[in-house]
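Please read the structure below before turning to the comments.
The values are calculated or read from the model by the stated rules, or taken from the named source; none is laboratory data. These numbers were taken from a predicted model, which means no experiment stands behind them. Every residue, glycine among them, receives a Cβ derived from its backbone with ideal geometry; neighbour counts consider all protein chains shown. Side chains included, ligands, DNA and RNA excluded: accessible areas come from the protein's heavy atoms. Shrake-Rupley method; radii C 1.70, N 1.55, O 1.52, S 1.80 Å.
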Amino acid sequence: MRIALGLEYDGAAFTGWQTQPDGRGVQDALERGLAAVASKPTPTICAGRTDTGVHALDQVVHFDTDAVRPLGAWVRGVNRFLPHSMAVRWAREVPDVFHARFSAVRRTYDYWILNDPVRSPLAHARAGWVFRPLDASAMHEAAERLVGRHDFTSFRSAECQAASPVRDLQNLSVTRRGRLIRVRASANAFLHHMIRNIVGTLVYVGLGRHDPAWAAEVLEARDRSRAAPTFSPAGLYLVRVEYDPSFQLPAPSATVPVWLDAYPDQDLRTDP
């Protein structure tokens with residue numbers, strides 16, 4: 001049978017999703033837990049290969065197994081063998097045509113920036129930090145100029161292995177909530193470092209180094225050297241992966257990371 005899992009993890013504890021020789025990838029930790037429950041090696045496929053330091057609230061994974069276990073065993077049983085920095089949130093049996101990566105129709109990421117003169121230990125490795133004031137309205141205006149189907153070469157890393165730099169960026173928004181700024185991006189797929197490169201460019205606009213129209217100029221240039229440097233991975237979260245409703249996968253239990261409860265002066269649990 002094929003099983004789909006919803007996975008949450010703190011990316012600061014791992015060298016990204018993909019399995020590594022030293023066993024420090026998210027995939028390594030998950031497959032060790034699955035093997036303990038299934039009593040045999042259990043390879044996995046994920047919806048999005050997050051980089052080192054990138055977090056997930058709703059990473060979707062699938063695997064095939066002939067081990068007959070109640071669905072609860074794939075949650076509580078696997079979690080027993082996982083490090084504290086990750087947990088399986090849910091498990092569902094899915095048809096063989098389901099594929100965690102190729103069946104996904106939309107992926108949503110959030111990037112959280114702490115915009116405060118003094119760094120916060122509670123946000124360390126969980127949010128980007130900019131100590132100078134940012135103009136979130138200007139950042140949002142710049143973001144709107146990037147929405148749509150475009151060649152995103154200017155925001156693509158040199159290591160990107162995608163066959164085409166064209167992506168359909170369905171949503172890109174910037175909102176401020178007190179000391180925190182959230183950049184939300186949704187697309188069917190993203191290029192390597194695409195979101196972090198976009199965030200770096202939006203931050204330059206927010207600092208007043210460029211006006212919002214500059215974002216469109218960078219996009220049209222199709223030249224990575226024209227954009228701002230790649231921003232830190234610390235504030236990037238895979239928030240949700242969406243599939244055809246026929247698969248009946250649950251929605252994520254949270255759309256913001258739990259550490260934001262440390263900022264009670266902001267209404268962070270209600271989307272604008």
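Values computed for the structure shown
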{"item": "In sequence order, calculated HN-Hα J values of region 8-24 (Karplus, 6.51, -1.76, 1.60; Hz; x Gly/Pro)", "result": "10, 7, 8, x, 5, 8, 10, 9, x, 5, 5, 4, 10, x, 8, x, 9"}
{"item": "Cα centre as origin, Lys/Arg/Asp/Glu Cβ charges: region 89-136 dipole, Debye", "result": "80"}
{"item": "ALA56 long-range amide H proximity, modeled H, under 5 Å", "result": "TYR9, GLY11, LEU238"}
{"item": "Cα shape, region 63-151, gyration tensor, a/c 1.5 rule", "result": "oblate"}
{"item": "Mean Cβ neighbour count within 10 Å, used as a protection proxy, ranking 226-236, 63-73 highest first", "result": "226-236, 63-73"}
{"item": "³J(HN,Hα) computed for each position of region 244-260 - Karplus, 6.51 cos²θ - 1.76 cosθ + 1.60, integer Hz, glycine/proline x", "result": "4, x, 4, 6, 6, 7, x, 6, x, 6, 8, 10, 9, x, 5, 5, 5"}
{"item": "For GLN20, distant residues with modelled amide H under 5 Å away", "result": "GLY25, ASP28"}
{"item": "Computed helical MRE - 222 nm, the chain, DSSP H runs ≥ 4 contributing -39500 (n - 2.57), nearest 500", "result": "-5000 deg cm²/dmol"}
{"item": "TRP129 long-range amide H proximity, modeled H, under 5 Å", "result": "LEU114"}
{"item": "Computed over the chain: relative contact order in percent, which uses C-alpha pairs under 8 Å that are six or more apart", "result": "22"}
{"item": "For region 1-58: accessible area per residue (Å², 1.4 Å)", "result": "38"}
{"item": "Kyte-Doolittle mean at least -1.0, axial Cα span of 15 Å or more - DSSP H helices of the chain", "result": "26-38, 194-206"}
{"item": "Accessible surface of the chain [probe 1.4 Å, protein heavy atoms]: carbon and sulfur percent", "result": "50"}
